[in-house]
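Q: First the structure, which I've put down as structure tokens, then a few questions once you've had a look.
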Amino acid sequence: MNNLKSTDKKILETLFEMKGGFVSDFSDRTMSDFFKEQFEIDIYDTKYDFDFSSRSKANRLRGIWLAEDEKTVVAIILSLVDYTETSSLANKKELTQHYKK
């Protein structure tokens, strides 16, 4: 269990573009692969099932934030920040103002 505050979650949800159940530009497969390769985490493990309305990518990430220890959550956040920056550069897409802040 970690100590992410609701304000921290709100910032992270904006940063990773989690509206509508998405996370960044991940597909179901690429997000699953990312977490397996980087953290040996199966994002569809039932331990990440909480009282969410769906098993969307965003809800999977929220479940991981709730279930994993603080060290793992920090590593995941930093890795997702790196992924977002790299993805934007690779796609020649400018980072959003929310992201820059």
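The values are calculated or read from the model by the stated rules, or taken from the named source; none is laboratory data. In this text the structure is predicted, and so the values were computed from the model without any measurement. Note that each Cβ is placed from the backbone with ideal geometry, even for glycine, and that neighbours are counted across all protein chains shown. Ligands, DNA and RNA are excluded from the accessible area calculation, which covers all protein heavy atoms including side chains. Shrake-Rupley method; radii C 1.70, N 1.55, O 1.52, S 1.80 Å.
Q: Given a cut-off of 19 Å, name the pairs among Lys5/Lys71; Lys36/Lys71; Lys19/Lys71 whose C-alpha atoms lie farther apart than that in the structure shown.
A: Lys19/Lys71
Q: Looking at the range 7-41, which GluC sites (Glu not before Pro) are in a loop (DSSP not H, G, I, E or B) and have at most 14 other Cβ atoms within 10 Å?
A: Glu40
Q: Right, something else. Taking the Cα centre of the chain as origin, sum charge times position over the Cβ atoms of Lys and Arg (+1) and Asp and Glu (-1), and report the length of that vector in debye to the nearest 20.
A: For the chain, the charge dipole is close to 420 debye.
Q: Using the alpha-carbon atoms, what tilt in degrees (0 to 90, nearest 10) does helix 28-39 show relative to the longest principal axis of the chain?
A: Helix 28-39 sits at roughly 80 degrees to that axis.
Q: Still on this model: Hey, what's the chain come to in accessible area per residue, 1.4 Å probe, Å²?
A: Per residue, the chain has an accessible area of 65 Å².
Q: Tabulate in residue order the Karplus-calculated ³J(HN,Hα) for the range 42-48, using 6.51 cos²θ - 1.76 cosθ + 1.60 with θ = phi - 60°, rounded to whole Hz; enter x for Gly and Pro.
A: 8, 5, 9, 4, 5, 5, 9
Q: Counting alpha carbon pairs within less than 8 Å and at least 6 residues apart, what relative contact order, in whole percent, applies to the chain?
A: Normalised by residue count, the contact order of the chain is 35 percent.
Q: For the range 70-86, in order, what is each residue's ³J(HN,Hα) by Karplus, 6.51 cos²θ - 1.76 cosθ + 1.60 with θ = phi - 60°, in whole Hz (x at glycine and Pro)?
A: Couplings: 4, 4, 5, 4, 4, 4, 5, 4, 4, 5, 5, 4, 4, 4, 4, 5, 5 Hz.
Q: May I ask for the angle, rounded to the nearest 10°, between helix 6-15 and the longest principal axis of the chain, with both axes built from Cα atoms and the value confined to 0 to 90°?
A: 40 degrees
Q: Cut-off 10 angstrom, C-alpha nodes, Gaussian network model of the chain. Which of Asp33, Asp82, Asp51 fluctuates the most?
A: The residue with the greatest mean-square fluctuation here is Asp51.
Q: Given the whole protein assembly as supplied and a 1.4 Å probe, what does the accessible area of Lys5 come to in Å², nearest 10?
A: We get 130 Å² for Lys5.
Q: Along its principal axes, what span do the Cα atoms of the chain show, with the longest given first and each in whole Å?
A: 37, 29, 27 Å, listed from the longest principal axis down.
Q: Restricting to DSSP loop positions (anything but H, G, I, E, B) with no more than 15 other Cβ atoms inside 10 Å of their own Cβ, which chymotrypsin sites (Phe, Trp or Tyr not before Pro) remain in the range 34-76?
A: Tyr44, Phe50, Phe52
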